[in-house]
Every structure is written in structure tokens, then in C-alpha cells.
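Report on one structure; see the data block that follows.
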Amino acid sequence: MKTLDDCREAIDEIDNEMLTLLNKRMKVVQRVGEIKKETGGAIYRPEREKAIIDRLVSLNEKEGGLLNYKAIEAIFLEIFAVARNLELPERIAYLGPEGSFTHQAAESRFGAMSDYLSLNSIASVFKTLESGRAKFAVVPIENSRDGIVGETLDLLAKSSMKIVAELYMPIHMSFATKAEKLEDITKIYSKDKGFGQCREFLNEHGLINVELIPVESTAKAAILAAREPNSAAICSHIAAKLYGLPTLFENIEDAIDNTTRFVILSDFKNAVSENDKTSILVRLKDAVEAGSLVRFLQDFEEEKINLSKIESRPSRDKGGFGYWFYIDFYGHIDEEKIQKVIQKHKDEVTWLGSYVKGEE
Ligand SMILES: O=C(O)C(=O)C[C@]1(C(=O)O)C=C[C@@H](O)C=C1
């Protein structure tokens, strides 16, 4: 049996080998960067990253490796993030402030090394991306409990930027305060959705009559509660830590499966992969006529295209009660059967992006 020292010596040797291999990999990546510069190709290729992870996961299964899917994904997403930075450092705008769930989501895809830009509204994130001051943007699009983030959909409808990736992240809320007793608390800050997700906790702890103050983000809530005695924040654990606010309770959300879906936006189109999803907005010309949506959806059924989401939104176009439909379906916009349906309705459909389906 090896001693601890033997084990550490073996680990050091393996780490040395891994470092050599990682540098070898980065040399190849640098060349990829040069090729892309010559050809104008997109640096971030989510479908290629997914294919690499899937291949390694199945190799790992065959070899009976100790790593699981999550571990392989976490290690390689960090490697890809470093690789993309070597190819071309690109700025990522996100709905801040620092420590927001969106920041956490952005870091999970772009790693710790990237150049991040925290912005205080979804609209400014879109503006920054559209002006070219950032190459990517990360914004929330829906929560499993509270539903769609209307602002993101409305801005997507008007923007030329596309969804290039999606990711699902479990949202855990913490109750953080500098107050010594719950009875001393007179104000609680959070994002409106934060209150919505923790109603049972607030009831059970007799906090429902305390003044609930909605602010633009849970991280902002942590900043404010850190400044004011007798106040508290419902925020991420990461934000509480970042702004020096002691966490009193963790995981206070009503639903344990509280997950937010985030989208990454940019200005390019992904190549087709085997596991794509597409998002569109549909403005049916004769939306008031009964059956027009059914007929539209029948075209999808005929081509055996499965939908994963349909949501109506007030159009806000004209004074009336017009509606749009936001639809997610499986497949890539460039697939033949999908083109058939889209071409038939081309005056009614806005393509929002085709991207590799995220792990829910
Ligand atoms: O294959 C590419 O296009 C690369 O740029 C290389 C690489 C990688 O590290 O493997 C890096 C970034 C892309 O998002 C996908 C893959």
C-alpha cells in the first residue's frame, strides 16, 4: 500500500504530465485561432464543445473512469474558456451586478479568466452587445417557478443578436443579514422574483409583514443590506459572501427544483449539431381568427418537429390586443424539414437562434 507521501509524489508527476499536455493542446488552439482570424470564423463553437464533452463522457464510460458527466463537463468547460481567451480575448456582458446569478451562469461558460462587463439592466446588456462593446451577452430567459423573463423576450424580438447557447442553472437563495435577531429586521431586499420564489420561507419565519423592497437584482439586494443595519437580503450565497453579508439560512426557496434558464447571445450562427434547439417568435397575420395557431402548429406536426415550449406575449406593436408566440422546438434552422415550415411562414416568423440543447 502506498503512503501519503508516495501518493502525493504520484499526483505531482501526473500534474506535470497534465500541464505539458494542456500546453500542447493550447499550442494547437493558438493555430485554430490563427485559422479563424484568416477565415473570419467564430471563436465560440458551443456545438463543437458539446461534441468533445459527449465523446469524452462515452470514452470514460467504456474505460470505467471515475469521473461523471458533471465532472468532465466542469473541467473541460474551463479548458475551453482558457482556449477561447488564447484564440481571442472577448468581452462578456451580463446582467449584474457582480455576484448575480447571471454572473455565476456566465462564469460557468466563460471561466474565471474572461473579461466580464457587469451591467445593471437587461436592456443595457443588449445595447452593449449590439454596439460591439461585448462579443457575448448572458441574460436570464425563464425560471422554472416564475416563468418567462418578459424583458428578455421583448428585447430579443427587436434585436439582430441571436441565441448561440442556453444553460440551465439551479437557483439557490440565501437569507443574509447583519441583524442579530430576525425580530430586528425591518426591511428585506431582493429581486421581485426572489420574493416570489421564497414565499413559504417568509411566511414560516413571520417575515411577511416586514417591508419587502424589490430592487433590480439579488446582488444589489446584498449590497444594500450590507450597508443598512436591521435589513436583510434574499440573494445568492456567492453575492452575500462577496459583499460581506453573513448568511443566516441557505436554500430557502420554496421549490427545490428552482432552475433558471440563461441564454448566451452573440452575432453568429452555430453549425448544425445532432442535439439542437431553435427559438422563434411568431406573429400570426390572422391571429384573431380562431384556428390560425392550430394550423401553424400542424405544419410542425406534419414534419415531426417537436416543440419544447410555447408562450404567448402581448405584441405591444399597435394599440390593440395583438399577440406573439414564443416557440422553442428541437432541431436547427438549417435542417431541411425545418426550412420547409419556416419558409411557408417566413413573413410571420423571426428566428431568434439555433443552439445546442442545454442539460436541464
Ligand atoms: O474547435 C474550435 O473551433 C476551437 O476553437 C477549439 C475549442 C477547443 O478548445 O477545443 C475552443 C473553442 C471553441 O468553442 C471550440 C473548441
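The values are calculated or read from the model by the stated rules, or taken from the named source; none is laboratory data. Note that the coordinates shown come from a computational prediction; the quantities given were computed from them, not determined experimentally. Neighbour counts are summed over all protein chains in view; Cβ atoms, including those assigned to glycine, are modelled from backbone coordinates with ideal geometry. Only protein heavy atoms, including side chains, enter the accessible area calculation; ligands, DNA and RNA are left aside. Shrake-Rupley method; radii C 1.70, N 1.55, O 1.52, S 1.80 Å.
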*So is Leu77 within 13 Å of the ligand (Cβ to nearest atom), open to solvent by 50 Å² or more (accessible area, probe 1.4 Å) and either on the phi > 0 side of the Ramachandran plot or not basic (Lys, Arg) (or both) or not?*
no
*Might you let me know whether the range 174-185 holds any residue that is within 26 Å of Leu119 (Cβ to Cβ), surrounded by fewer than 23 Cβ atoms within 10 Å (Cβ to Cβ) and free of Cβ contacts under 8 Å to residues at least 60 places away in the same chain?*
no
*Filter result (outside any helix (DSSP H, G or I) and surrounded by fewer than 20 Cβ atoms within 10 Å (Cβ to Cβ)) within the range 145-160*: Arg145, Asp146, Gly147, Ile148, Ser159, Ser160
*Within the range 269-289, identify whether any single residue is under 18 Å from Met173 (Cα atoms), β-branched (Val, Ile, Thr) and outside any helix (DSSP H, G or I), and answer yes or no.*
no
*For Gln104: the one exception among (1) open to solvent by less than 30 Å² (accessible area, probe 1.4 Å); (2) in a helix (DSSP H, G or I)*: (1)
*Residues of the range 110-127 being out of contact with any Asp or Glu (no Cβ under 9 Å at 6 or more places or on another chain) and not hydrophobic (A, V, I, L, M, F, W, C), which ones?*
Ser124, Lys127
*Filter the range 343-357 for residues that are open to solvent by less than 20 Å² (accessible area, probe 1.4 Å) and more than 18 Å from Met161 (Cβ to Cβ) and give the result.*
none
*Right, Gly96: surrounded by 15 or more Cβ atoms within 10 Å (Cβ to Cβ), of a type outside the set (Asp, Glu) and within 16 Å of the ligand (Cβ to nearest atom) or not?*
no
*Report, by residue number, each residue of the range 198-217 that is part of a helix (DSSP H, G or I) and open to solvent by less than 10 Å² (accessible area, probe 1.4 Å).*
Leu202
_Residue tally, condition within 16 Å of the ligand (Cβ to nearest atom), open to solvent by less than 90 Å² (accessible area, probe 1.4 Å) and free of Cβ contacts under 8 Å to residues at least 24 places away in the same chain, over the range 5-22_ = 0
*Of the numbered conditions (1) over 20 Å from the mean Cα position of the chain (by Cα); (2) assigned to a strand (DSSP E or B), Val139 fails exactly one; give the number of that condition.*
(1)
*Per-region count, the range 26-35, residues in contact (Cβ under 8 Å) with a residue 40 or more places away in the chain, more than 7 Å from the ligand (Cβ to nearest atom) and open to solvent by 30 Å² or more (accessible area, probe 1.4 Å)*: 1
*Look through the range 36-67, keep the residues that are modelled with pLDDT of 95 or more and not in a helix (DSSP H, G or I), and return whichever of them is nearest to the ligand (Cβ to nearest atom).*
Leu67
*Tell me which residues, restricted to the range 267-295, are closer than 21 Å to Lys337 by Cα and modelled with pLDDT under 90.*
Glu274, Arg283, Leu284, Ser292, Leu293, Val294, Arg295
